[in-house]
1. Computed on alpha carbon atoms, what radius of gyration and Dmax characterise the chain, expressed in Å?
2. If one computes the Cα centroid of the stretch 71-89 and of the stretch 186-254, what distance in Å separates the two points?
3. Is there a quick way to get the dipole size of the stretch 58-146? I mean about its Cα centre, with the Cβ of Lys and Arg at +1 and of Asp and Glu at -1; what is the value in debye to the nearest 20?
4. Two-decimal Rg/Rh of the stretch 5-98 from alpha-carbon positions, Kirkwood Rh?
5. Count of lysine pairs in the stretch 157-234 with Cα atoms under 27 Å apart, counting only pairs 8 or more residues apart in sequence or on different chains?
6. For the stretch 1-25 and the stretch 54-68, what is the separation of their C-alpha centers, rounded to whole Å?
7. Say each of PHE136 and GLU180 gets a label point 7 Å from the Cα, pointing the same way as Cα to Cβ; how far apart are those two points in nm?
8. With a 1.4 Å probe and all protein chains left in place, how much accessible area per residue does the chain have, in Å²?
Amino acid sequence: MPYQYISLERCEGIAIIRLQRPEALNALNRQMIEELEQCFMELEADKKAGAIIITGEKHFAAGADINDMLEFSPEQARAFSFRHCFARIEAFPKPVLAAVSGFALGGGMELTLVCDWRIADKTARFGLPEINLGIFPGAGGTLRLPRLIGTARAKEMIFSGGTIKAEQALEYGLINQIAEDALAETIKTAQMLAGKPPIALKLAKQCISQAFDIDGVKAIEFESIAWASCFATRDQREGMQAFTEKRKPEFQGI
Ligand code: DAK
């Protein structure tokens, strides 16, 4: 389906979503968020896309659209929710990667946090400047950032509203890698992931997500059930058979 503020391109086993509102540095307005959610719904039915990339052109996204929020009442603020869209991306059954150039600020940085993998180039700037607007990160940032980089660093970023460069983001563990060309490197990584057994990948992703939300005993139990269910797949046979035959496995997602 046609989108106004994003584009969707499918290429060689992966899909690339581009945020496209360059006149506002890809600031996320309500329609963009709705389009993003719709796009992930569309991709859920796409058997050919083994991994998804979210990226922007020159910039990733400079946050939620401040003009939209200026006159919000608390009720309107609550209704302007990123929650459903971000939850859908976070629970998406295939790997989701962010390729970051330029600004990834506020809700834009929070969008990278729901991705499984973040690759940036040297132009990337990460930050949560909401505090300077009299608010604070409300699209999962207060939960996901401390989980990723620890409470000390997360408080530093959230309380100060400061911006960090790619090198510091890498040192914090906020991103996986710095590349000369973030999108090219992310495409390579996404294609590598698209070649892995999809059911085992999906289950591993679910286990990792659950691990933080349920108690340890239940998390281990969930892992053991999910792990055992891999043995109901042909890909498990193929992976192990290929090892014993000293050849490359060919996974089919069944
Ligand atoms: N919103 C709206 N417009 C924005 C924008 C934003 N976040 N960021 C940039 N723009 C627009 C600018 O207004 C400007 O538009 P024109 O004046 O040309 O019409 C254009 O993009 C180019 O920006 P600048 O001229 O400012 O460019 P510079 O290179 O000089 O500066 C900058 C770049 C990124 C440093 C600066 O634009 C900036 O500080 N932008 C604001 C960054 C920011 O504060 N981001 C956080 C936004 S608050 C929610 C949960 C979470 C959220 C919302 C709701 N719920 C649970 C409901 C998230 C909140 C946020 O993200």
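The values are calculated or read from the model by the stated rules, or taken from the named source; none is laboratory data. Predicted model only: the values in this text are computed from it and were never measured. Don't worry about glycine lacking a Cβ; one is built from the backbone with ideal geometry, like all the others, and counts go over all protein chains shown. The protein model used for the area step is the full one, side chains on, heavy atoms only, and it has no ligands, DNA or RNA in it. Shrake-Rupley method; radii C 1.70, N 1.55, O 1.52, S 1.80 Å.
1. Values for the chain (Cα only, Rg and Dmax): 18.8, 65 Å.
2. Computed from Cα coordinates, the inter-centre distance equals 33 Å.
3. Values: 9 positive and 9 negative charges, 75 e Å.
Value, rounded to 20: 360 debye.
4. Values: Rg = 13.9 Å, Rh = 14.0 Å.
Here the Rg-to-Rh quotient is 1.00.
5. Numbers: LYS165/LYS188; LYS188/LYS196; LYS188/LYS202; LYS188/LYS205; LYS196/LYS205; LYS196/LYS218; LYS202/LYS218; LYS205/LYS218.
Final tally of qualifying lysine pairs is 8.
6. So the two Cα centres are separated by 13 Å.
7. Rounded to a tenth, the inter-label distance reads 4.3 nm.
8. Spelled out: the 1.4 Å probe surface of the chain, per residue, equals 54 Å².
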